[in-house]
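Structure, as structure tokens:
Where a number appears in this text, it was derived from the coordinates with a stated rule and is not lab data. Only a predicted model underlies this, so the values are computations on that prediction, with no experimental measurement involved. Reconstructed Cβ throughout: ideal geometry from the backbone, glycine too, with neighbour counts over all protein chains shown.
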Amino acid sequence: MQTRIYKVDPEKPSDDVIEECIEILKRGGLVVFPTETVYGLGAYTFNPKAVLKIFEVKRRPPTNPLIVHISELEQLNEIVAEIPDVVFELAEKFWPGPLTLVLKKNPKVPDVVTAKLDTVAVRMPAHPVALKLARIPIVAPSANIAGKPSPTTAEHVIKDLYGKVDAIIDAGETPYGVESTIIDLTKKPPVLIRPGALPVEKIGEILGSIKIQTKTPFYQHYTPNTSLLVIETEDYSNFEEYARKFESVVRDLAKDKNVAIIVSKELAEKISVNAKVILLGSRKDMYELCRNLFKSLRRLDELNVDLGVIEGFEEKGLGLTLMDRIRNASNFKILKV
Ligand code: AMP
Ligand code: MG
């Protein structure tokens with residue numbers, strides 16, 4: 001298949017490109033587009049054949065339901081069966097933005113979208129490209145082969161999906177670099193299904209109590225090909241001590257293995273090890289750490305080392321999201337020091 005690539009300004013995408021891509025979607029094609037979280041692989045929600053193609057192209061199990069993207073609250077009426085009042089409160093505060101809500105499904109939504117569940121996940125994305133395209137409701141999982149780290153640049157997408165989709169809209173690097181936060185509002189209390197780019201504490205300010213579910217039935221694994229170890233500790237406030245322990249573990253491993261470390265600049269400055277270094281950013285900027293994670297996991301595979309070792313972070317605010325992705329990437333190979 002011929003894949004068209006459109007380069008656009010992330011702030012002011014060309015209307016012609018948007019219109020052309022909406023036409024492709026309406027005809028049942030697949031369009032990859034940037035969102036403020038990661039790149040999405042989009043199909044028109046009400047075209048089950050097109051939606052099915054997403055599962056084929058991504059090699060995603062059909063049991064893993066998709067998120068519907070909308071651009072206006074009115075569109076909720078054709079997606080969900082009923083709209084609890086709290087949705088308007090949440091939307092007022094967080095939409096457009098990286099918050100996905102699970103609600104009772106409108107029977108009109110094809111079963112292939114929701115993996116036959118009677119609920120549906122929906123969000124209003126903030127990225128100007130995504131928001132303009134979502135004038136028609138679009139389902140879009142991350143635009144990667146299932147099991148790979150989510151794509152945060154068009155280059156990542158091209159590596160995974162070139163020749164398999166109709167169009168790719170390239171608007172540079174995605175701002176958050178991690179997926180949306182997902183809350184299931186059909187449960188009482190609401191359940192956090194996946195921590196994401198919106199810190200759960202902020203949603204708690206509106207919802208009150210939220211149950212944190214660590215293992216969901218559709219849990220996704222982002223694993224690099226290179227084996228990855230996370231070094232965690234109970235208390236990161238004594239960072240000197242953590243750095244010393246991290247260094248000693250890596251020195252030991254590097255005796256008979258080629259090692260790469262994925263670390264903050266603060267940790268990199270404190271240790272001296274025989275390993276390649278991939279910098280995640282500063283511990284003082286959780287957004288930066290999240291934004292660089294998936295890119296760093298892809299970089300790890302390019303380095304051709306035997307083993308990656310990655311730093312751990314406190315599970316507070318975006319730290320919860322970061323550690324969720326890191327532990328998944330490591331396949332839960334965790335060393336507590
Ligand atoms: P993504 O892979 O980023 O497209 O996110 C899709 C994820 O949203 C799934 O893996 C589920 O965790 C969640 N999800 C989507 N629809 C539902 C639903 N109806 N009920 C519960 N979780 C859902
Ligand atoms: Mg995904």
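Quick notes on this one:
- Positive end of the dipole of region 228-336 (Cβ unit charges, origin at the Cα centre): among Leu253, Leu280, Ser296, the Cα lying farthest that way belongs to Ser296.
- Extension gain (nm, one decimal) between Met1 and Tyr287, 0.36 nm per residue minus Cα-Cα: 99.3 nm
- Phi-based couplings in Hz for region 268-275 (Karplus 6.51, -1.76, 1.60; Gly and Pro marked x): 4, 5, 8, 10, 10, 9, 8, 8
- The distance from the alpha carbon centre of region 1-16 to that of region 19-37 is 10 Å, rounded to a whole number.
- Cross-link pairs Lys148/Lys202; Lys7/Lys93; Lys284/Lys316; Lys93/Lys284; Lys26/Lys132; Lys26/Lys116 - those with Cα-Cα distance over 21 Å: Lys148/Lys202; Lys7/Lys93; Lys93/Lys284; Lys26/Lys116
- Residues of region 268-305 with amide N under 15 Å of a point placed 7 Å along Cα→Cβ from Arg251: 270-275
- Residues whose placed amide H lies under 5 Å from that of Arg194, excluding near-sequence neighbours: Ile182
- Using alpha-carbon coordinates, inclination of helix 286-302 to the longest axis of the chain, degrees: 80
- Proximal aspartates and glutamates relative to Lys270, as straight alpha-carbon distance under 14 Å, when same-chain residues fewer than 8 apart are discounted: Glu240, Glu241, Glu247, Glu311
- Its DSSP H runs of at least 4 residues, each contributing -39,500 (n - 2.57), put the calculated 222 nm mean residue ellipticity of the chain at -9500 deg cm²/dmol, to the nearest 500.
- Note on the chain: Cα-Cα pairs beyond 35 Å make up 22% of the total pair count.
- Phi-derived couplings, Karplus 6.51 cos²θ - 1.76 cosθ + 1.60 at θ = phi - 60°, listed residue by residue for region 234-247: 5, 9, 7, 5, 8, 6, 4, 5, 4, 4, 4, 5, 4, 4 Hz, with x used for Gly and Pro.
- Annotation: amide H-H contacts under 5 Å for Ser227 (H modelled 1.01 Å from N, sequence separation of 5 or more, or interchain): Gly308.
- Between Arg59 and Lys26, the FRET efficiency from the beta-carbon distance, with R0 = 25 Å, is close to 0.50.
- Placing unit charges on the Cβ atoms only, positive for Lys and Arg and negative for Asp and Glu, gives the chain a dipole magnitude near 1020 debye about its Cα centre.
- Under 5 Å, built H, 5+ apart or other chain: amide partners of Glu36: Ala126, His127
- Candidates per trypsin sites (Lys or Arg not before Pro) in region 82-152, loop by DSSP, up to 12 other Cβ within 10 Å: Lys108, Lys116
- Pairs of Cα atoms nearer than 8 Å and 6+ residues apart set the relative contact order; for the chain it is 19 percent.
- Legend: ranking of residues Lys159, Lys49 from fewest to most surrounding C-beta atoms inside 10 Å; resulting order Lys49, Lys159.
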